[in-house]
Amino acid sequence: MPANLPPQYYELEREFRAEKDVREKLRLAQELLRIMPKHKGTDKLQAEMKAKISKLKKQLMGGSGRSGPRQAHAHDYIEKEGAGQVILIGPPNSGKSSLVETLTNAKPVVADYPYSTREPVAGMMMYETVQIQLIDTPPISPESYENYLSGLIRNADLVVMVADLEAETMIEDLQFIINKLDEKRIILKPEVTETPEDARYCYKKTIICAHKEFEDEEEIKRKKIEELFPEFIIIATSIIDDESLDLFRKTTFDALGKIRVYTKPIGKEPDFSDPIIIPRNSTVEAAAEHLHKDFARKLKFAKIWGQGKFDGQRVQLDFQLTDGDIVEFHI
Ligand SMILES: Nc1nc2c(ncn2[C@@H]2O[C@H](COP(=O)(O)OP(=O)(O)O)[C@@H](O)[C@H]2O)c(=O)[nH]1
Ligand SMILES: [Mg+2]
């Protein structure tokens, strides 16, 4: 049976064969397996690719003795925690580490010299009642691109690109990042409403921080960013301006496309300490399912408290919830 592989497959395979970096090679192998049509004609090819993947993984862990160099840490994957995973990227010295240090419990290195951050660092940021995971990363510049960044960015729920308003080369620096990621087939987008036609590409929802904004009184630099990135959400931030940090928290949460729903036992007070985090436009049924599949099956109706609702309004399972709603489930 013929394999009938799409032309993209052959292109990607050529790249895969030429690639020397083990981590990038692994990513390409995984991509090849993903875009390979799954039918009898590709059974053998699928098995071969799986074998290559596991060999590359072993190599990365440094466990396969003779083959390939040992690589100490795998930085290309960070387990998700909280309401969403947000990765901060940017040119050297733009303030990524400062933002993560100020907003989370993590302690990345902050320094007034470039290339101070060598490894990704994750920390949890509190936004009202929810936690959001922030990842600090090494810079992207002509002098530096850590290959594991591609995997990290692809896996994140949201990208925050940090622009340095104090840098004279701000626009060129941002343009460089866009081009570099494009090379890695990652396209930063103000909104992601579709999957790319070419399966090797990845669209990533992105917002931009016009950072160190405190000093940009005439907003000249910020306007330049707006010109280069029309339609993107751009927020002005500075680590010495608490209001801007609050805006950062709120904007990232909104951009994640999630809502918080508080549950309330019948006849008791709602529990505001532990909201259910579900995608925007989720129904009452989806919220119940989030708690327990069985629970959702037994659910008859719910009562809702929240903006634009009558207190204790009785609603059906297909009712769409909004951020901050309080739900009392009735089974
Ligand atoms: N004026 C000002 N300087 C900042 C701000 N945030 C960070 N910096 C400074 O910018 C430099 C680089 O910060 P750092 O967080 O290490 O940048 P990174 O390389 O992007 O991680 C340091 O000297 C920081 O003190 C800010 O909001 N305003
Ligand atoms: Mg840093």
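The values are calculated or read from the model by the stated rules, or taken from the named source; none is laboratory data. Given the structure is predicted, the values throughout are model-derived calculations rather than measurements. Backbone-built Cβ (ideal geometry, glycine too); neighbour counts: all protein chains shown.
Values for this structure:
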| item | result |
| --- | --- |
| Listing of strands (runs of 3 or more DSSP E) fully contained in segment 273-331 that carry 3 or more residues being touching a residue at least 12 places away in the same chain (Cβ under 8 Å) and closer than 25 Å to residue 255 by Cβ | 276-279 |
| Top-ranked residue of segment 106-131 - restricted to ones that are touching a helix residue (DSSP H, G or I) at 6+ places or on another chain (Cβ under 6 Å) and within 11 Å of residue 81 (Cα to Cα), ranked as farthest from ligand 1 (Cβ to nearest atom) | 125 |
| Members of segment 241-257 that are within 16 Å of ligand 1 (Cβ to nearest atom) and in a loop (DSSP other than H, G, I, E, B) | 241 |
| Strands (runs of 3 or more DSSP E) fully within segment 163-240 counting 1 or more residues that are basic (Lys, Arg) and in contact (Cβ under 8 Å) with a residue 12 or more places away in the chain | 186-189, 202-211 |
| Qualifying position, being within 16 Å of ligand 1 (Cβ to nearest atom), in the same structural domain as residue 94 (by TED's automatic domain parsing) and touching a helix residue (DSSP H, G or I) at 6+ places or on another chain (Cβ under 6 Å), among 235, 186 | 235 |
| Selection status of residue 91, part of a loop (DSSP other than H, G, I, E, B), within 16 Å of ligand 1 (Cβ to nearest atom), under 30 Å from residue 250 (Cβ atoms) and at pLDDT below 90 | no |
| Given (1) within 30 Å of residue 111 (Cβ to Cβ); (2) crowded, with 17+ Cβ neighbours inside 10 Å, index of the condition residue 240 fails | (2) |
| Filter result for residue 139 (assigned to a loop (DSSP other than H, G, I, E, B) and in contact with a strand residue (DSSP E or B) (Cβ under 7 Å, 6 or more places away or on another chain)) | no |
| Flag if residue 296 is crowded, with 16+ Cβ neighbours inside 10 Å and at pLDDT below 95 | yes |
| Conditions (1) surrounded by fewer than 20 Cβ atoms within 10 Å (Cβ to Cβ); (2) under 17 Å from the mean Cα position of the chain (by Cα); (3) within 13 Å of residue 249 (Cα to Cα): number failed by residue 127 | (1) |
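A quick yes/no check of all residues on (1) assigned to a helix (DSSP H, G or I); (2) surrounded by fewer than 22 Cβ atoms within 10 Å (Cβ to Cβ); (3) within 15 Å of ligand 2 (Cβ to nearest atom):
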{"position": "109", "(1), (2), (3)": "no, yes, yes"}
{"position": "118", "(1), (2), (3)": "no, yes, yes"}
{"position": "135", "(1), (2), (3)": "no, no, yes"}
{"position": "149", "(1), (2), (3)": "yes, no, yes"}
{"position": "161", "(1), (2), (3)": "no, no, yes"}
